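First up is the structure itself, then whatever we jot down about it.
The values are calculated or read from the model by the stated rules, or taken from the named source; none is laboratory data. Keep in mind the model is a prediction, meaning the values are calculated, not measured. Side chains included, ligands, DNA and RNA excluded: accessible areas come from the protein's heavy atoms. Shrake-Rupley method; radii C 1.70, N 1.55, O 1.52, S 1.80 Å.
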Amino acid sequence: SSSASSSTVPQEQWVIARSLEEAQMKICQQYGIENKEFTLIQDPDVLDTWFSSSLFPISAFGWPTNQHLFSNTNQQVGSSENQPSHPYYPLSLMETGSDILFFWVARMVMTCTYLTGQQPFKQVYLHPMVRDAQGKKMSKSLGNVIDPLHVIEGVSLDTMKSQLNQGNLDPREIQRASALLTHQYPKGIEQCGVDALRFTLAAYMKQGNQINMDVDRAVSYRHFCNKIWQATRFVLSHLKSDENVNWSPKGTFLSVSEYEGNSLNGLEVKDRWILTRLADTVSRCGHGLSTFDFAAATSALHQFFYYDFCDRYIEFCKPAIRESSEGAYLTREILWTCLDTFFRLAHPILPFITEELWQRLPQPLDQQVDSIMISPYPQTESYQQFRNESIELDVENVATVMRVARAAAQQMAVKLSTVSITVYVGPTSRIHQNIIEHQQLIQQQLKVIQFNVEASDKLPSTASTVTVNADCKMILTSSQTESVDVAAAQLLQLKANEKKVAKIDKLIQTLLGRMQSESYKSKTPPHIQQQDAEKLSQMQKDRNVLTSSSGDSSTQG
């Protein structure tokens, strides 16, 4: 920028040159004046948007003030390969949109390679286009634009409407957009937070080349984050109590060799079960992230924490965790291991809540780490010792018995605390062994008056019989009323089963339609095909159980 005194030269004039001397020469030649008649001032910000953005992989880490750390000329003694000295450069992956692949990504590769001698990253992940819940492209004139800050911080309907007037929309477009906002968000958008929004977008990645963003899903994942917070608070309150104020975990992995014969078999079934579920989650989550199947990773995290850890394991542990026995001490170790591993697994997707809660976890005395960001990510190989699919099947049988009992009591409109249950099982069936081994646990969890088990080759078949599976049925009797209308209850169960069968049929048809398509075998990864086959098999089994139960009810009613 030049400031001139001559009347022939504008008061301000931009000059593009490679040096001060070249700029002076251009002004002198253009206006025929001497150097003393004007003053040159260099613009302090000479980088355009895309050029400065191209430096991002190195400028984010302090370049050029620490330029020597990015040099690729440092070699270790005895090594023929160049060793970069910066701990976080080069990056492993760049995530971006396809619309700026050349504007930004190509420039980053060229600029950073030129300045440091090494590529800033070797892989580029292109995320899908984010659209509204109906799959329409977001447009201010339509009023369907979802501002990420609105989802994170929350916003009222009036505020969203007022922002429509801040642009240059036609009054008719404002009216149409305002009507759509009123229809979609009559109470505004609830505050969801950054983590819930990140988890939502990651969970949407299975949709393909576009994301149909529904804010309600972000709200549901905010509830999931709240579940993580509350469950962690509960566990922390029992890790360190008045009786064990000096308790600290042994380490990242459970030291099972110190318990009961140097074997996992020395642990209780519930403990071995949560550890095998944890190992499966580590495997699924790690595979999902490494193959960019982020939806699979979020599904694994949600399934483990919400259903396995909170709904089952914590409930199983409540009677024992309040004790001061060796078993209670071991339970604390496993609870800590589950939380520590889950936080490190989920951190790339839920960075804020996992960092906050992980900092509150007691840390092993010999493994103090300042931040979860630099703690090691759980590896599948380290958890393989815990995998036991047989244990998973056993606990699933027990959980099914409890789930069916609760559903039956609800249909009969009676409280479980007034119910006595008699379970009839085939004497050689696996579920018989499972129920016998966990009979006390089942009764504690259901809080029923009595829970009896009878082995029989011929299972009862009456109007009051409730089917668990082909090898197990149960009869509930209640003291809540003198006479329970079991026929009415059975009719309710029959109708409920019919609804479940219809829902399963719809899911089976959808899955079969995808599996039978021409491109399925060639374009679908093998592990996804295996998962689909397992889902189909499980849904067909569930359907058979429901239809057999309905058949018993209809023939006896």
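Evaluated at q = 0.22 Å⁻¹, a Debye calculation over the C-alpha positions of region 288-350 (equal weights, vacuum) places log10 I(q)/I(0) at -0.89. Under a 5 Å amide H to amide H cut-off, with H placed in plane at 1.01 Å, what residues pair with Gln13 once short-range neighbours are removed? Amide H to amide H, under 5 Å and 5 or more residues apart or across chains, Gln13 pairs with Ser2.
Only protein atoms count toward the accessible area here, which uses a 1.4 Å probe; on region 373-481, the carbon and sulfur part of that area reaches 49 percent. For region 331-393, the solvent-accessible area with a 1.4 angstrom probe is 44 square angstrom per residue. Phi-derived couplings, Karplus 6.51 cos²θ - 1.76 cosθ + 1.60 at θ = phi - 60°, listed residue by residue for region 411-416: 5, 7, 6, 10, 7, 4 Hz, with x used for Gly and Pro.
Which distance in Å, rounded to a whole number, links the C-alpha centroids of region 371-397 and region 412-452? About 29 Å separates the Cα centre of region 371-397 from the one of region 412-452.
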